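Heads up: the structure comes next, in structure tokens.
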Amino acid sequence: MNSPTPEAIALNAAIDEQLLKTVGVARQDATSTDLMKAVAQVAREQLSERWVQTQGADRDNKARRVYYLSMEFLIGRTLSNALGALRLTDAAMQGMTDHAHTLEEIVDQEPDAALGNGGLGRLAACFLDSMANLGLPSFGYGIRYEYGMFKQKIVGGAQTELPDPWLADGTPWEFPRADISFPVRFGGWVEHIGDRAVWRHAGEVVAKAYDMVVPGYGTKKVSTLRLWKAVAPADLDLQAFNTGDYGRAAQVKNEFENISWVLYPNDSTPAGRELRLRQEYFFVAASVRDILLRHMVEHGTLDNLHDFVAMHLNDTHPAIAVAELMHVLCDEHSMPWAKAWEICQKTFSYTNHTLMPEALETWPVGLMQHVLPRHLEIILRINAEFLALAAKHRPGDNGFLARLSLIDESGERRVRMANLSVVGSHMINGVSALHSDLLVKTLFADFASLWPERFTNMTNGITPRRWLSQANPGLATLLDKNIGPDWRNHLDQLKQVEAKQDDAAFRAEFMTIKHANKRRLAALIEKTTGIKVSPDSLFDVQIKRIHEYKRQLLNVLHVIWRYQAILASPDAQWVPRVTIFAGKAASSYMSAKSIIHLIHDVGNVINNDPRIGDKLKLVFIPNYGVSVAEVIMPGADLSEQISTAGTEASGTGNMKLALNGALTIGTDDGANIEIRENVGDDNIFIFGLRTPEVQAMKQGGYQPMRLYENNPGLKAVLDAIAGGQFSPNEPGRYRGLVDALLWGGDHYMLLADYASYIETQTRVDALYAQPEAWARKAIINMANMGSFSSDRTIAQYAKEIWNIPVAP
Ligand code: 26V
């Protein structure tokens, strides 16, 4: 055994000290959780130093900063990431051996910070990582949810939801800022005194700041994630306390504090609930006040706010910030409306993350009046002035004005948050080339006709530190050996290994690493589901939120087709395959939950059919989240990205999987298109209708029943589901799912893409049967992912939207 390095000796001494001083246990009694806490404390102290330095420097330089406002930050675990940034990973590995543990085991003790639903929240976390890495003066602002994304437990094949009290044992990573808090007001009415508006609010809650430090990898700079917790005002209902009515006092307190209790776990339909609107305003109001205070301290005036402050709206969730900034500038700082409006538009920018009409936020005017009466007034004034301007462009076109209006007047009057975001911003972007193009052609076509120069594209990206360096240490080491370690900060350098596809020894090493990652994934599958799978099979992976548009059901149809085909030709040379699903369904989204149930029912039949053996397995890994993803991504051979063309704004799992050497089977959708452009047509499996064909077929009268009648294979698959073959105890269980395809119009056109999908899957088999050819393509995929680093994305935002210099 190697003798410990000086770094490991120093680290171990520091860990022992923390075990004693902060955790309160003796070295020999420390459990793995104790060790996790002690190592985290050591890292925390070192990060804290970097933090103080960064903030001091940014203050002294009067830096222009970006403030990323987001309801969600899906950060996952912090320990490995922090050790990597501090270059302490090797020392910690050695140190833990001395403590008779492995670093992996220690790291596993940390709960995920699951403060997000899916892609939008994880993107915000990758972005913060890149902002720190690029040394961008930056803050993320969000909510310190007491309960994050629910935990998914599968009971009898069905999803159940359990709470996620991730803060129950505290977290070593937050810094409570006792001195930073702001009152946030709600309700009441507005008085107009002369030309001044005074908001006589009815209630107030206090927002308290909790910071998390976001370390950079390539620099000693850090970024800050500031999360707000709601607490009742100190003087709250003292009377109830004084009279000893503690029950009543606690109830009143809870009514205030519930604002930051729980993340809304629904990314398919807007919550539409008063508490959600309160959450949105709560964190926006506190953040805007914090930002303006910092600006005033540094500059002493708000006249130049837009010169030093860029505020970014991560989807429409923080859009009320537009009205809040107007409220503060005009009502509290007596700035003239026109001047405030100019500053406002120069300060904000907005990213749209979905075209799905059901996910677009609107708030009933009556509710807005009740919760934020002054903000409603402001929105109505913005709207009146905006519509007057728009009317000059197309006089007499009332349809145009009705579509542009911030108020939807078609039924119960509602405030359209997307329209407010567009009108209040100087730049608006989509998240992939296709999505940004569709935005200006569909959802925002009218706005784009007014302001074409405001619309742009910023294709998403992912942080290579977490998604390759940390998640796939085997592959990271291989890359270090071949091209040195700098790819972590300059992912373009991966291009240098493309030529290695011709090197048989490199290919062998690459595939040996993949195999080890598959064994690790197989172990996770066995641990969480009890199902044994062979790592020699093709690992076919679809991991993401469960949504009809993402078409997990199409994948299941393929699995059933394969099952039937194997039974029909048991002696054919089947490429053994394990189809792996993971993902959560919104608790109220019945068809998504039904798809999860179907996956389990079909898996039960196939996995226990002795005629099938290792030729086919179907598994569902429960409780998908960042940490589970870090194990699945490196072990995948095939990445399923099969949304109906035109529906997936970008996708980022597609990037993570390709970066880890999986080949993509996907539609011409979202960032799949740009992945194809980078890896080349021969190294990706694209199938199905393209967006214009989807649109044309919808208009031309799509007839799914025809496809069913004319394709015997498809018919057999759907009949098996509808006939109860997989749910013998309840034969009608999936009638609804099948009826929606055959009689309900098959909204996401699964049947239209079915034949193309099956045919493409057989091409996948053929390639997998040639391991050397497969290895070459896997290497080519990884080597061409350079432009999908979130460093590239953030550098582009900084240059083209936020106007903040980044060192090249
Ligand atoms: C909507 C709502 C409605 C109210 C309740 C809470 C909630 C939470 C999230 C959402 C919208 C989710 C939109 C979203 O996650 N879009 C995804 O964004 C990814 C990053 O840009 C992108 O890769 C995915 O394609 C896109 O679906």
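The values are calculated or read from the model by the stated rules, or taken from the named source; none is laboratory data. Note that the structure is a prediction, hence the values are computed from the model and not measured. Please note: Cβ atoms are built from the backbone with ideal geometry, for glycine as well, and neighbour counts cover all protein chains shown.
Some notes on this structure:
Residues checked against (1) of a type in the set (K, R); (2) over 29 Å from Y350 (Cα atoms):
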position	(1), (2)
N133	no, no
G140	no, no
I143	no, no
A168	no, yes
R177	yes, no
I180	no, no
P183	no, no
A197	no, no
G216	no, no
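- Residue match in segment 524-533 (condition: assigned to a helix (DSSP H, G or I) and free of Cβ contacts under 8 Å to residues at least 60 places away in the same chain): yes
- Total residues in segment 128-170 satisfying the condition of being in contact with a Pro (Cβ under 9 Å, 6 or more places away or on another chain), away from the ligand (no atom under 16 Å from the Cβ) and assigned to a strand (DSSP E or B): the figure is 6.
- Being among the hydrophobic types (A, V, I, L, M, F, W, C) and within 30 Å of L439 (Cβ to Cβ) is a property that A321 has.
- Residue-level check: of (1) touching a strand residue (DSSP E or B) at 6+ places or on another chain (Cβ under 8 Å); (2) farther than 30 Å from S80 by Cα, A249 misses just (1).
- For Q279: the one exception among (1) within 16 Å of the ligand (Cβ to nearest atom); (2) without any contact (Cβ under 8 Å) to a residue 40 or more places away in the chain: (2)
- Unique residue being of a type in the set (D, E, K, R), more than 27 Å from L443 (Cβ to Cβ) and either touching a residue at least 40 places away in the same chain (Cβ under 8 Å) or crowded, with 19+ Cβ neighbours inside 10 Å (or both) when the list is D719, D682: D682
- Qualifying residues in segment 378-404 (those that are under 26 Å from G188 (Cα atoms) and buried (at least 19 other Cβ atoms within 10 Å of the Cβ)) - the one nearest to the ligand (Cβ to nearest atom): I379
- Residues (in a loop (DSSP other than H, G, I, E, B) and buried (at least 19 other Cβ atoms within 10 Å of the Cβ)) located in segment 90-108: H99
- Just one residue in the set A286, A319 is within 16 Å of the ligand (Cβ to nearest atom), surrounded by 20 or more Cβ atoms within 10 Å (Cβ to Cβ) and among the small types (G, A, S); that residue is A319.
- Only one entry in G430, G396 is without any contact (Cβ under 8 Å) to a residue 40 or more places away in the chain and among the small types (G, A, S), namely G396.
- Residue in segment 109-127 that is away from the ligand (no atom under 16 Å from the Cβ), among the charged types (D, E, K, R), in contact with a helix residue (DSSP H, G or I) (Cβ under 8 Å, 6 or more places away or on another chain) and in contact (Cβ under 8 Å) with a residue 24 or more places away in the chain present: yes
- Evaluation of D746 against (1) over 19 Å from N784 (Cα atoms); (2) in a helix (DSSP H, G or I); (3) touching a residue at least 40 places away in the same chain (Cβ under 8 Å); (4) under 29 Å from the mean Cα position of the chain (by Cα) (one fails), failing number: (2)
- Residue within segment 688-702 that is more than 27 Å from the chain's Cα centre (by Cα), under 23 Å from I599 (Cβ atoms) and not basic (K, R) present: no
- Looking only at residues of segment 342-377 that are acidic (D, E) and within 15 Å of the ligand (Cβ to nearest atom), we find that the one that is surrounded by the most Cβ atoms within 10 Å (Cβ to Cβ) is E361.
- Residue list for segment 52-89, restricted to those being outside any helix (DSSP H, G or I) and under 26 Å from D307 (Cβ atoms): N61, K62, A63, R64, R65, V66, Y67, Y68, L69, S70
- Picking from residues in segment 412-426 that are closer than 19 Å to H306 by Cα and crowded, with 24+ Cβ neighbours inside 10 Å, the one that is nearest to the ligand (Cβ to nearest atom) is S421.
- Qualifying residue in segment 13-28 (condition: within 30 Å of D267 (Cα to Cα) and in contact (Cβ under 8 Å) with a residue 40 or more places away in the chain): no
- Any hit, segment 241-263, residues being within 16 Å of the ligand (Cβ to nearest atom), under 20 Å from L167 (Cα atoms) and part of a loop (DSSP other than H, G, I, E, B): yes
- For D437, the requirement of being part of a helix (DSSP H, G or I), more than 30 Å from V631 (Cα to Cα), more than 14 Å from the ligand (Cβ to nearest atom) and out of contact with any helix residue (DSSP H, G or I) (no Cβ under 8 Å at 6 or more places or on another chain) is met.
- Lone qualifier among E49, E7 - being in a helix (DSSP H, G or I), within 19 Å of A82 (Cβ to Cβ) and free of Cβ contacts under 8 Å to residues at least 40 places away in the same chain: E49
- Any hit, segment 294-305, residues being crowded, with 24+ Cβ neighbours inside 10 Å and either farther than 19 Å from W802 by Cα or without any contact (Cβ under 8 Å) to a residue 24 or more places away in the chain (or both): no
- Pick from segment 264-275, criterion at pLDDT 85 or above and buried (at least 17 other Cβ atoms within 10 Å of the Cβ), ranking: nearest to the ligand (Cβ to nearest atom): Y264
- Scope segment 195-220; condition over 25 Å from H327 (Cα atoms), in a loop (DSSP other than H, G, I, E, B) and touching a strand residue (DSSP E or B) at 6+ places or on another chain (Cβ under 9 Å); matching residues: G216
- Beta carbons closer than 7 Å, at least 6 apart along the sequence or on distinct chains, pair a first residue in segment 542-569 that is part of a helix (DSSP H, G or I) with a second that is charged (D, E, K, R) for L554/D753; N555/E640; I566/K615; L567/R611.
- Whichever residue in segment 427-445 is over 23 Å from the mean Cα position of the chain (by Cα) and aliphatic (A, V, I, L, M) and, among such residues, is surrounded by the fewest Cβ atoms within 10 Å (Cβ to Cβ): A445
- Residue list for segment 446-482, filter: crowded, with 17+ Cβ neighbours inside 10 Å, more than 23 Å from K518 (Cα to Cα) and more than 28 Å from the chain's Cα centre (by Cα): D446, L450
- Matching residues, segment 484-510, being buried (at least 17 other Cβ atoms within 10 Å of the Cβ) and either over 19 Å from F788 (Cα atoms) or free of Cβ contacts under 8 Å to residues at least 60 places away in the same chain (or both): W487, K500, Q501, F506, R507, E509, F510
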